[in-house]
Amino acid sequence: MNGPAAAEQPPLVEIDTPDIEAFRDGGNAIPYTTTWDSGVAGPHVMLTALVHGNELCGAHAVNFVNQRGIRPRRGRLSVALCNVDAFRRFDRANPTASRYVDEDFNRVWDITTLNGPRTSVELRRARELRPFIDTADLLLDLHSMQTTTLPLMLAGPLRKGTDLARKVGVPALVVVDSGHAAGKRMRDYAGFGDPQSPANALLVECGQHWLKSSIDVAIETTLRFLVATGAIDQADAAPHLGPAPAPQRVVEVTQAVTVATPSFAFVEDFNGLEVIARAGTTIARDGAVDVRTPYDDCVLIMPSKRLAPGQTAVRLGRFIG
């Protein structure tokens, strides 16, 4: 299976295809990873991009960091470009087709799957990167979205994720969620998803996949993350930052709606972040079953156009702060 259907395809790809060759031989044994060591004690901070091969803004952001000579003041700063095989297939005329090669790279990060016998292009790359990811204390995973909804920071279900998201300060909306039935995300892997571990991770959705504005969000979030984690100083980032961000709001996801039948369909063309005023409102039909909002003022998070059985159709949440 090679990526989602053409229904996701936008009218225009504004973003240039990034050149990632500066990271091919970055001094590590693993291709397309790079580490800069400050020589001063501090955390290992990591930036990951191209988890999905058609989500380009993260690669532009790490190129920005590299080309501007932004280096850690303390600890180590690493970059990992993840699903390079899928990225190599990116075609501006059919940009949705290169999300992955065999399966979603961001659904394979549970220990049983990583240690198991199953194989795919994405699993082989995840297993190759796993020892490198294991060394990260703090990780920012850079993504983009199908629709033109506002950027989101996915902080995971634990308090430590929300606390780090608030310290970063952007994007304006923080989503507290537990991921997907289809498989575990890298941001929830191992210590990142353990409340007893100091390791922490965030996943930022920077906007619609191929809008130039997604690059701006990716760069802004990356720089503020590096300041928040202590990797760089505010003065290092300040020349490249936008205005001080507005206060964030937090949405807690209470339910991820997983597609059960091939006939799943939304009743409207939802874009994301719609607030459905009344509990019991039908938002989709999955075969003979109506999918209804469970409470008043229900927020729709990232309604999907990839509506295959077993995949997340939408997440339902409510504002908690």
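Data for the structure
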item	result
Count - residues of region 302-315 that are crowded, with 23+ Cβ neighbours inside 10 Å and either of a type in the set (Val, Ile, Thr) or touching a Cys at 6+ places or on another chain (Cβ under 6 Å) (or both)	1
Verdict on LEU139 being touching a Ser or Thr at 6+ places or on another chain (Cβ under 9 Å), at pLDDT 95 or above and outside any strand (DSSP E or B)	no
GLY39 in contact with a strand residue (DSSP E or B) (Cβ under 8 Å, 6 or more places away or on another chain), in the same structural domain as ASP137 (by TED's automatic domain parsing) and of a type in the set (Gly, Ala, Ser)	no
Any hit, region 56-73, residues being outside any helix (DSSP H, G or I), out of contact with any Pro (no Cβ under 7 Å at 6 or more places or on another chain), within 19 Å of SER144 (Cα to Cα) and not basic (Lys, Arg)	no
Odd one out for SER178 among (1) within 20 Å of ILE320 (Cβ to Cβ); (2) of a type in the set (Gly, Ala, Ser); (3) assigned to a helix (DSSP H, G or I)	(3)
Failed criterion for ALA93 (all others in (1) free of Cβ contacts under 8 Å to residues at least 60 places away in the same chain; (2) in contact with a Lys or Arg (Cβ under 8 Å, 6 or more places away or on another chain); (3) not in a helix (DSSP H, G or I) hold)	(2)
Filtered residues of region 108-128 (kept if surrounded by fewer than 21 Cβ atoms within 10 Å (Cβ to Cβ) and in contact with a strand residue (DSSP E or B) (Cβ under 6 Å, 6 or more places away or on another chain))	ASP110, LEU123
Verdict on ASN94 being over 24 Å from LYS212 (Cα atoms) and either modelled with pLDDT under 95 or outside the structural domain of ILE133 (by TED's automatic domain parsing) (or both)	no
VAL257, sole failed condition from (1) at pLDDT 95 or above; (2) more than 16 Å from PRO303 (Cβ to Cβ)	(2)
Criterion violated by CYS57 - all others in (1) touching a helix residue (DSSP H, G or I) at 6+ places or on another chain (Cβ under 8 Å); (2) closer than 12 Å to ALA231 by Cβ satisfied	(2)
Test: residue in region 195-210 that is at pLDDT below 95, more than 28 Å from ASP110 (Cα to Cα) and not in a strand (DSSP E or B)	yes
Out of LEU129, LEU123, sole residue that is over 23 Å from PRO18 (Cα atoms), in a helix (DSSP H, G or I) and in the same structural domain as GLU220 (by TED's automatic domain parsing)	LEU123
Test: residue in region 27-44 that is part of a loop (DSSP other than H, G, I, E, B) and at pLDDT below 95	yes
Check on ARG24, touching a residue at least 60 places away in the same chain (Cβ under 8 Å) and among the charged types (D, E, K, R)	no
Within region 247-295, tally of residues that are touching a Cys at 6+ places or on another chain (Cβ under 8 Å) and surrounded by fewer than 16 Cβ atoms within 10 Å (Cβ to Cβ)	3
Only one of GLY179, GLY183 that is of a type outside the set (Lys, Arg), at positive phi, in contact with a helix residue (DSSP H, G or I) (Cβ under 8 Å, 6 or more places away or on another chain) and buried (at least 22 other Cβ atoms within 10 Å of the Cβ)	GLY179
Hey, ASP236 closer than 30 Å to ILE70 by Cα, acidic (Asp, Glu) and surrounded by 13 or more Cβ atoms within 10 Å (Cβ to Cβ) or not	yes
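The values are calculated or read from the model by the stated rules, or taken from the named source; none is laboratory data. Since the model is a prediction, treat every value here as computed from it, not as a measurement. In this analysis, Cβ positions are derived from the backbone assuming ideal geometry, glycine residues included, and neighbour counts consider all displayed protein chains.
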